[in-house]
Amino acid sequence: MVDKQTTFFTQSTDATLKALATTPQGLTQEQVKKRLAENGRNQLTEKKRKSLAIRFLEQFKDFMIIVLLVAAMIAGFLAHEWPDAFIILAVVILNAIFGVFQEAKAEQAIDALKEMATPDAHVRRDGEIVTIKSEELVVGDIVLLEAGDIVPADLRLLESAALKIEESALTGESVPVDKTVDTLTDPESGIGDRTNMAFMNSNVTYGRGVGVVTGTGMQTEVGKIAGMLNQADETTTPLQMNLSQLGKSLTIMILIIAAIVFVVGYLRHAQSPINMLLTAISLAVAAIPEGLPAIVTIILALGTQKMVKRKAIVRKLPAVETLGSTDIIASDKTGTLTMNQMTVEKIFANNQLQDAGATLPADNLTLKIMNLANDTKIKADGEMIGDPTETALIAYGRDKDFDIKAALAAEPRVAEVPFDSERKLMTTIHQQADGQFLMTTKGAPDELLKRVTHYIDAQGVVQPMDDAERQLLLDTNHGLAKQALRVLALAYKVLPSVPATVDPTIETDLIFAGLVGMIDPERPEAKQAVTDAHSAGIRTLMITGDHRDTAEAIALRLGIITAEEDADAAVITGAELDQMDDQEFAKKVTQYAVYARVAPEHKVRIVKAWQKHGKVVAMTGDGVNDAPALKSADIGIGMGITGTEVSKGASDMVLADDNFSTIVIAVKEGRKVFANIQKSIQYLLSANLGEVLTLFMMTVLGWQILQPVHILWINLVTDTFPAIALGVEPTEPGIMNQKPRGRKSNFFSGGVFQAIIYQGLLEGGITLAVYALAITFPVHQASGLAHADALTMAYATLGMIQLFHAFNVKSVHQSIFTVGFFKNKAFNWAVLASFILLAATIMIPGLNGLFHVSHLDLYQWGIVLAASFMLVVIVEIVKFFQRRAAK
C-alpha cells in the first residue's frame, strides 16, 4: 500500500501515521478487512517447489550421466551386450535416487522462516487493546510491546519506555539495542542503526513500547531475506564442475578412439563393416568408467560419515569435497568466532584496574553495586533471564561467590529509577539493617562521572573527587573502550530515608566505586583454528553487525588481523561498502579482512566479489541474516546449537558443536576426500586406458580379440572394489600444509593426468606382451589351444595388473613403501576379493567355459603374476625420479 518501507525511520511519528492512514487509537475493523484483502496476510511466501519426478529427472542432466545412458543404449540395442547395458543403467538409476534423497531437505529455509512467526500480537483497534494472531496484522496496526515479546512485524516506534530489543539474528550484534522514538536524519542508516524501528522476529528484552506496523510478510526485513533465498541461484561445486569436465573429455577421447578402431579395421578388411562397428562400440563402452559416479558418491558418503563423528553434519554430499578446495572462510562473528555471551573481562575497583580473573572479595562494594543495580531474574534452576549485559554482571558475581539472593534478602529493593536511554543510567535503593538506605547506580561512564563528587581510593577510603582522579578514570574508560570493551561505571551513596519523589534528580553527589569492562569474547579454540586455516593457505574473514572498533579488536585477538597489518585499511563498514559499486569493490576486496555494521545484502556481495577472483568461498553463520550468503557461497556452514533453523536450512553443512575449529577438521577431511577421489579416478582411467589399448592393438594386429564378457568382468571385479577402497585411504602426511588447490584445479592436476597416460600405456603394453609371448612360445602346440591359452593369459594379466596397480595409486608421488602396503585393511580385503573373483573364472570348472577361457598351469600363472608385478617396479622407479626432479 505504501512504498516507503525503507524511509519510515527518517519520518516523524506524526508523518508516519499520516502516511499509513492510521491513528494512535488504531485501525477500524473495516480498514483491517480492506488492507488484509489488498496486501495479504502477515506471512512469508515460499518458492515453488519442484515435484519428486522433476527432481529425479534433473539428476540425469549431468553430462557424464547422459554419456552413460547413450552407452547403455548402444551396448544393448546395437552391440546386444545387455549385461553391460543393465549394469550401466542400474548404476545411473541408483545414483539418481541417492541424489534425490540427499536434496530432499534442501528447501527448508523458507519453512523455517515461516515457523519463526510469533503466534500472537497485542494491538489497538477501534481504540481497544485486543490480542490477535500475528498473521492477521496489517500495515497501520498499532502494536504494543513488552519484555519477552517477539516483534510480530516491522514497526516504526511511537512510544519507548526503556525499550531494548535484541536483534542479533538480523544484525549480528550481540548487545540489545536501546530503542527511541527520535527521527533519524541519515537515510543510509543500516538496520542496526535504525533505533526507532523494531523488526519482525527480533526479541524484546527490556522495557515496553508502542509501534505502528510499516511492513508485513515479504515487505519486512526478514521477508526481504526470504525473497533473496527464493531468488538465490544454486551454486555449482568444484566437484560437480570437475566431473562434468571429466565426462566431456572422456566422451571426446572415446569417440576419437572408437572412430580410429572402426576406420583401421575397415581398411584392413579385418571384419565386416557391421562387425567393426560393433567392435568399436564395444571398445567405447569398455572405455567408459561406468562405476565412476557411484564410486564418487560412495567415497563422499563415507567422508560424511566420518565427519558426523567429528561433529560436522553434511547436508549435501559435494560439500565434503568443496571444503577441501576452500580458499576463503567468511565467518560471522557473533556466536561463531565469539561466544555470543557478554562476559566481564576487566574491572576497575579500589582505584586499580584488574583482570576479571583477579581475586575480589565477595563483600567488595563494586561487586555489590553491579549485582544490586540489576534487573536480572533468576529462575529456580539457576537460569538467568534479562539483558545480556546485566546477566554477565550476575554471572561474574557468582564466580566471586557473591550470593545475590542472600544480598537482596538482607537489603531488599524498596525503590528504583529505571534505565533511560537518554540519561543512560539506572538506580536502585535498598534498605539496610541500620535503618539507612543504600542507593546504587550504574550506567555510561561519561554520564555517571558528571554526577560523582567522591571516589574510593586504593585503601577503601572515600576521598573527594579531584581533577587528577577524574582524568585517571576518563583515561581508564578510554583505554577499555579502545579494547572494544563495553564499559559501565558504578557508584553509590547512603540515604537517611527514601525521598518522597524517586526520580533522576536523586542521582547526584555520588561516590564513584568502579568500572567494569565486558565483551562478547572469542571462543577459546577459535584463535588456533584461524592459525591452522592460515597454515593451510586459507584466509579467514570476519563479518559482523558490531561496531568497527569492536570488530577490529576481536579480529586482532583472533589473529585475523595481525599487529603488523594496517588495521584501519583491513576493516570496512557496511556504509563504506555502500559507497562502492561492484566493480570497484571487486578490485579492493582482497585488502579487507573484517566487515563491520553489515546487512544481509553486504554479505552476499562479499561472497560474490571473492568468487569473481576465482576463489572458493565458505560462509559460516548462525543468524537469519546469514541465510542468503550461506546459499550463495560455494559452501554454507551453519551452526547447530546457536543457529536458527533458517541458517541450517540454507547451509550445505552444519556444525553440531558450533566449534569453529571443527571447520578446520572438516577442511582436512575434504582435502582427503578429494585426494582419494583423485586416486580412484587415476586407477579407473589408467585401467580403462589399458583395456582400450589392448583391444585397439589386438584389432590392428589382427589378433584374437578379448570378448565383451572379459572386459565386463574385469571392469566389475577389478575396478569397483579397489576403487571404492581407495576412498578410505588414510590422510597423507602434510596435507594441511599445502595451499588450497582452488577453483581452476581438477582431478587431472598435480601430475595425475601424466600418470594416467603412462600407467595406462604400461598396462596395455604389458598385457599385449604377455599375449605375444604366449603365442610365440605356446605351452600347447595345437593352434586352437595356443590361442585359447594366450587369450586367457592376456585376460588374467589385464585383470591382475590392475590389482597390482591399485597399490601404485595409493599416492601420486610417494613410494608405496612410504605410504604402506597394508595400512588400509578395507583396501587389502578389496584386492583379495577381486583376485578371488577373477581367478575363479579361470580355475573353477564350468565357469571357465562360461567365460570362454582355458585352465592355466603354474608356469602360465607365474608369467601372469610376474608381468603384472612388473608394473609396480616400473612405477616406483618413475616416482623416484619424479621426487628427485621436484627437489
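Here, each number is a calculation from the coordinates, and none is a lab measurement. The model shown is predicted, which means the values in this text are computed figures rather than measured ones. So basically every Cβ, Gly included, is an ideal-geometry build from the backbone, and we count neighbours across all protein chains shown.
What the table shows:
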read-out: Ranked list, fewest to most other Cβ atoms within 10 Å of each Cβ, for LYS442, LYS405, LYS810; value: LYS405, LYS810, LYS442
read-out: Cut-off under 5 Å, modelled amide H: who pairs with VAL417 long-range; value: THR427, THR428
read-out: Sorted by Cβ density within 10 Å, fewest first, the residues TRP82, TRP713; value: TRP82, TRP713
read-out: Cα gyration tensor shape of the stretch 344-506, rounded if a/c is under 1.5, else prolate or oblate by comparing a/b with b/c; value: rounded
read-out: SER189, SER168 arranged by Cβ crowding within 10 Å, fewest neighbours leading; value: SER189, SER168
read-out: Under 23 Å from LYS825, Cα to Cα: lysines that are on another chain or at least 8 residues apart; value: LYS306, LYS309, LYS668, LYS672, LYS679, LYS810
read-out: Theoretical FRET efficiency, 1/(1+(r/R0)^6), r = Cβ-Cβ of THR776 and SER249, R0 41 Å, to 0.05; value: 0.65
read-out: Residues whose placed amide H lies under 5 Å from that of GLN354, excluding near-sequence neighbours; value: ILE347, PHE348, ALA349
read-out: Mean residue ellipticity (222 nm) of the chain, computed from DSSP H runs ≥ 4 via -39,500 (n - 2.57), nearest 500; value: -15000 deg cm²/dmol
read-out: VAL462-ASP549 FRET efficiency (beta carbon distance; Förster radius 30 Å; 0.05 resolution); value: 0.35
read-out: Size of charge dipole - the chain - debye, nearest 20, with Cβ of Lys, Arg +1 and Asp, Glu -1, no other charges; value: 3300
read-out: Förster radius 35 Å - calculated FRET efficiency between LYS825 and VAL263 (Cβ-Cβ, nearest 0.05); value: 0.15
read-out: Computed log₁₀ I(q)/I(0) - Debye formula, equal Cα scatterers, no solvent, the chain, q 0.06, 0.07 Å⁻¹; value: -0.56, -0.70
read-out: Theoretical gain in end-to-end length, ASP399 to ARG310 [0.36 nm per residue, Cα-Cα removed]; value: 28.8 nm
read-out: Stretchable slack from ILE385 to ALA656, in nm (0.36 nm times residue separation minus alpha-carbon distance); value: 95.1 nm
read-out: Filter on LYS608/LYS739; LYS400/LYS424; LYS164/LYS333; LYS587/LYS608; LYS333/LYS603; LYS377/LYS424 - keep pairs with C-alpha separation over 23 Å; value: LYS400/LYS424
read-out: Estimated vicinal HN-Hα couplings, Hz - the stretch 647-663 in sequence order (Karplus 6.51, -1.76, 1.60; Gly, Pro = x); value: 5, 5, x, 8, 8, 8, 9, 10, 8, 5, 10, 6, 9, 4, 5, 4, 5
read-out: Net charge dipole size for the stretch 344-506 [Lys, Arg +1 and Asp, Glu -1 on Cβ; Debye, nearest 20]; value: 120
read-out: For the stretch 341-395: relative contact order, % (alpha-carbon pairs under 8 angstrom, 6 or more apart); value: 35
read-out: Rh (Kirkwood; distinct C-alpha pairs) - the stretch 717-821, Å; value: 16.4
read-out: Share, in percent, of DSSP beta bridges within the chain that are antiparallel, nearest 5; value: 75
read-out: Furthest towards positive pole of dipole, ALA609, ALA596, LEU871, structure part the chain, Cβ charges; value: LEU871
read-out: Cα lying deepest toward the dipole's positive end in the chain, options ALA362, SER854, ALA687, charges on Cβ; value: SER854
read-out: The stretch 325-423: C-alpha gyration tensor shape, a/c 1.5 cut-off, then a/b vs b/c; value: prolate
read-out: Three-way shape label, the stretch 802-873, alpha-carbon gyration tensor, a/c 1.5; value: prolate
read-out: Protection proxy ranking of 587-596, 375-384, 829-838 - average other beta-carbon atoms within 10 Å, highest first; value: 587-596, 829-838, 375-384
read-out: Ranked by how many other beta carbons lie within 10 Å on average, peptides 494-504, 688-698, 361-371, 768-778 from highest; value: 688-698, 361-371, 768-778, 494-504
read-out: Inter-label distance for LEU761 and MET843, nm, one decimal - labels placed 7 Å from Cα along Cα-to-Cβ; value: 3.5
read-out: Relative packing of peptides 469-475, 609-615 - highest average C-beta neighbours within 10 Å first; value: 609-615, 469-475
read-out: Relative contact order %, the chain, counting alpha carbon pairs below 8 Å whose residues are six or more apart; value: 13
